[in-house]
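Here, each number is a calculation from the coordinates, and none is a lab measurement. Fair warning: this is a prediction, and the values are worked out from it, not measured in the lab. Every residue, glycine among them, receives a Cβ derived from its backbone with ideal geometry; neighbour counts consider all protein chains shown.
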Ligand code: 13P
Ligand code: SF4
């Protein structure tokens, strides 16, 4: 007999501490059948239940390594898609709240990327001269586009390496959806900023002339992260003025000025490891999402490390925060009852092409 799913309405009114004990009980009942993956930006009351945590690259690797039947992803939609694509057909990827998306990933879609490719085809032969690179923060069909056109996926921890790899094959890259990660990675590789032009997807030909397209080495999709855009150069200048010995570390989704003014730039995992390895009694200004910064501030306080958030306003990944204890308890209790809710399933053909682009990345890094 078909088991009916337990409705979320029954979990909505639960208090957080009630959810806490129910999550712990459901995890114990599921044992090794379920693994909870948590991104570093996940809110504390959910993050503490994660079996494995990491940045996007680390979590993609973990999705290929776990043998759990259920992969419960406490992150955002594209991360659960990657888990589905890289896991075996028998494994089931689950996103506890389907509305946990990524605003940056939503800034590119297949129709717009295909249009860009067609328009570039009016100036040169893109399949011979341009490598499409998609940041992992993108929908599965864009990863499939890259798989089909000799392209590749990158994450914030390997983007420079992926660019280098791509330039050894074709002279140009189209980098989407995050212009800032693309620009910073190109700069790290020594590409002059005037050879990295923004492709404005709302304009015909990306708002560029044929001459500009021929001259450019990197075409940067006009996308950004709504969280990281809040960090500004002035925040760093003020900090340096107040604390000349302080260090600054930022995520490469921050704008170019912020990255240039930072002492260190890297992925969430890089930020975490750098701060953990830092000397005691040091002061840090950190340009990345609030949940991670708060966790590090708390964790490193006993060593006398002072960890400060870069912006004066609250910058949280509000979409990831939609995965709350209520949704996690609901998801897990349904699994205990034999019912899968919120499965993320990428269609087969798309998954196959997206896997090609993801595996190209994993093979290199
Ligand atoms: P990381 O790959 O550094 O974890 O970044 C993912 C992300 O979405 C940052 O906004
Ligand atoms: Fe997307 Fe920005 Fe959230 Fe990262 S922090 S998941 S890029 S919206």
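What to note about this one:
- If you model the range 81-223 as an ellipsoid using its alpha carbon gyration tensor, with each semi-axis the square root of five times an eigenvalue, the axes come out at 26, 16, 14 Å, biggest first.
- Global form of the range 147-295, assessed from the alpha-carbon gyration tensor, a/c cut-off 1.5: prolate
- Virtual spin-label span in nm between residue 103 and residue 12, 7 Å along Cα→Cβ: 2.5 nm
- Cα gyration tensor shape of the range 215-365, rounded if a/c is under 1.5, else prolate or oblate by comparing a/b with b/c: oblate
- Of all the options 328, 261, 181, the one that moves most in a Gaussian network model of the chain with Cα springs shorter than 10 angstrom is 261.
- Cα pair distances in the range 169-255, grouped into 5 Å bins until the bin that holds the longest one, percent each: 3, 14, 20, 20, 16, 12, 8, 5, 3, 1
- Taken along its three principal axes, the alpha carbon spread of the chain comes to 63, 56, 33 Å, from the longest extent down to the shortest.
- As a calculated quantity, the FRET efficiency between residue 306 and residue 21 at R0 = 30 Å, using C-beta atoms, amounts to about 0.30.
- Spin-label model distance (nm) - residue 124 vs residue 52, 7 Å beyond Cα toward Cβ: 3.9 nm
- Bridge type composition, the chain - antiparallel percent by DSSP, nearest 5: 5 percent
- Residue 263-residue 202 FRET efficiency (beta carbon distance; Förster radius 25 Å; 0.05 resolution): 0.10
- Measuring r between the beta carbons of residue 88 and residue 161 and using R0 = 30 Å, the FRET efficiency lands at 0.65.
- Mean separation of Cα pairs under 8 Å and 6 or more residues apart, divided by the residue count, gives the range 5-110 a relative contact order of 21 percent.
- Gaussian network model of the chain, Cα within-10 Å springs - most flexible of 209, 268, 131: 209
- Fluctuation leader among 295, 214, 43 - the chain, Gaussian network, Cα springs under 10 angstrom: 214
- Relative contact order computed over the chain (Cα-Cα under 8 Å; 6+ residues apart), in percent: 24 percent
- The range 64-143-the range 282-304 distance, computed between alpha-carbon centres (Å): 30 Å
- For the chain, the 222 nm mean residue ellipticity estimated from helices alone, with every DSSP H stretch of n ≥ 4 adding -39500 (n - 2.57) and the total spread over all residues, rounds to -12000 deg cm²/dmol.
- The label point for residue 209 and the one for residue 29, both projected 7 Å from the Cα toward the Cβ, are 6.8 nm apart.
- Cα gyration tensor, the range 222-306 - rounded (a/c under 1.5), prolate or oblate: oblate
- Extension gain, residue 242 to residue 299: 0.36 nm times the residue separation minus the Cα-Cα distance gives 18.1 nm.
- Potential lengthening between residue 44 and residue 3 on full extension [0.36 nm per residue; Cα-Cα distance subtracted]: 11.5 nm
- Across the range 119-268, C-alpha contacts under 8 Å between residues 6 or more apart give a mean separation that, scaled by the residue count, equals a relative contact order of 21 percent.
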